[in-house]
Amino acid sequence: VTAYKSEVRWIPLLLMGSLGVLAAAIVWSLWQLRRHMQRRQAAEQALRAEHAFRKAMEDSLNTGMRARDLTGRITYVNPAFCRMVGWRAEELVGLLPPMPYWAPEALERTRAVHEMVLGGHAPPQGIEIRLMRKNGERFDALLIEAPLIDSEGRHIGWMGSMVDVTEQKNAQELARQQQERLQATARLVTMGEMASTLAHELNQPLAAISSYNTGCINMIGSGDMSPRELTGILEKIGKQAQRAGQIIRRVHAFVRRSEPKCEPVDLNAILREAVGLVEPDAERRGVNIQLDLAEALPPVAADPVMIEQVAINLIRNGMDAMANIPRAGRDLLLVTRLQDDMLILSVADRGKGIPPDVAEKLFAPFFTTKEEGMGMGLNICRSIAELHRGRLSFEDNPGGGTIFHFSIPVLT
Ligand SMILES: Nc1ncnc2c1ncn2[C@@H]1O[C@H](COP(=O)(O)OP(=O)(O)OP(=O)(O)O)[C@@H](O)[C@H]1O
Ligand SMILES: [Mg+2]
């Protein structure tokens, strides 16, 4: 049998070949797919870890965080925020203002703050507002708001962080109350020191009333009195009684303990009141008080009793400083003037001046060089100045002695 030399069968060969190539391609792409899946898994793992880390961070924060969209709707709150306000995240997300944690009594202000934030005018240092927990308890929160920008750079809402500052506020309030009590005590001490002089001062009108009264009785007894004469004497009695009343009123107004006020006050008028109180003391010590007051000063926003306390402390320090100089030279000059936007009260004495070692400690509480001094006078003056956004400073008086300047911003 002889085989024919047949033709080569290309087609099955080609088929076989392409099958092989296809099988290889499948193996290769399967391998690629596996690699791709592995990479994807690793990326997902990393993403999950990152997400878990961020969530853990957010959850363990003590700062409340809240996101809102551009309309003010809450889109996210963290657990600290929920802890602070007492509502659960599901109850809060999706809400529009007014929020349930807005305290009803501060609704107007909270709404104004809300509008301010949505308008993009939130102050970068934050705003303090009073909020309410679910159980009705009130708390003070410091709120810092910033625009929320997405990955494409679009502004999609607002992100706020919130810190509970109730305790800080309480501590501040306590410190303020203590300071106030200290000031009130210091005023009582000042009055105590001036009591004998004031009693003496009060005695004068009373003695005058008494003698006018005796005069009247005598005149009535002797029968030779004209109604005109009598009226004159009675008017004098009235004047003396008014003088006594004024002294008592001044003392009472000065020592009375009341909540600090902030009202428009006339610095010159307060200064005159203060001088009225210390004048008897000044006379006894041979101190000549001169006033040089600028006219038509604008009012300042202040607590009148506190400003009077500053004036009296400075005047009394000036008088103390001149205790050891000849009587003829004991001049105390009080000046008021307007400089830029500040009213300045200057008290210039001709005393011994302030040596550098004393100057260092001048404003420290309980620092005194006097036997009977409490050492609180200047310290209190400085706190009062700071409370009114003013300043207290001193310089040498060119003619000898010291000048203290107390400045306070004018009411705008
Ligand atoms: N005008 C002044 N001239 C010289 N020394 C002064 C003057 N004012 C204050 N000092 C010094 O500063 C110290 C502290 O004054 P500060 O008014 O605080 O307390 P104090 O007058 O001693 O006591 P008080 O609490 O009764 O006012 C004074 O003891 C005094 O040595
Ligand atoms: Mg003093």
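Inspection of the range 227-236 finds a residue satisfying the criterion of being in contact (Cβ under 8 Å) with a residue 24 or more places away in the chain, assigned to a helix (DSSP H, G or I) and surrounded by 13 or more Cβ atoms within 10 Å (Cβ to Cβ). Apart from one condition, E193 fits all of (1) in a loop (DSSP other than H, G, I, E, B); (2) farther than 30 Å from T412 by Cβ; the exception is (1).
Before we move on, is R66 closer than 20 Å to G157 by Cβ, in contact with a strand residue (DSSP E or B) (Cβ under 7 Å, 6 or more places away or on another chain) and among the basic types (K, R)? Taking the combined requirement at face value, the residue satisfies it. With respect to D341, determine if the residue is assigned by TED's automatic domain parsing to the domain that holds N397, more than 9 Å from ligand 1 (Cβ to nearest atom) and more than 27 Å from R389 (Cβ to Cβ). Considered against the rule, which asks whether it is assigned by TED's automatic domain parsing to the domain that holds N397, more than 9 Å from ligand 1 (Cβ to nearest atom) and more than 27 Å from R389 (Cβ to Cβ), D341 comes out as no.
In this entry, I403 is excluded by the filter for residues that are at negative phi, away from ligand 2 (no atom under 16 Å from the Cβ), part of a strand (DSSP E or B) and among the hydrophobic types (A, V, I, L, M, F, W, C).
Only residues that are among the hydrophobic types (A, V, I, L, M, F, W, C), free of Cβ contacts under 8 Å to residues at least 60 places away in the same chain and in a helix (DSSP H, G or I) were counted in the range 81-120, giving 11. Residues of the range 136-144 include none that is surrounded by 13 or more Cβ atoms within 10 Å (Cβ to Cβ) and more than 16 Å from M84 (Cβ to Cβ). Residues in the range 364-383 that are in contact (Cβ under 8 Å) with a residue 24 or more places away in the chain and farther than 16 Å from I315 by Cα were compared, and the one that is farthest from ligand 2 (Cβ to nearest atom) is S383.
In the range 151-169, which residues are surrounded by fewer than 14 Cβ atoms within 10 Å (Cβ to Cβ) and either touching an Asp or Glu at 6+ places or on another chain (Cβ under 6 Å) or within 13 Å of R68 (Cα to Cα) (or both)? Answer for the range 151-169, where residues must be surrounded by fewer than 14 Cβ atoms within 10 Å (Cβ to Cβ) and either touching an Asp or Glu at 6+ places or on another chain (Cβ under 6 Å) or within 13 Å of R68 (Cα to Cα) (or both): just H155. G390 fulfils the conditions (1) surrounded by 14 or more Cβ atoms within 10 Å (Cβ to Cβ); (2) closer than 22 Å to T190 by Cα; (3) of a type outside the set (A, V, I, L, M); (4) more than 9 Å from ligand 1 (Cβ to nearest atom) except for a single criterion, (2).
The values are calculated or read from the model by the stated rules, or taken from the named source; none is laboratory data. Owing to the predicted nature of the structure, the values given are computational and were not obtained by experimental measurement. A quick note on method: Cβ atoms are made from the backbone with ideal geometry, for glycine too, and the neighbour counts reach across all protein chains shown.
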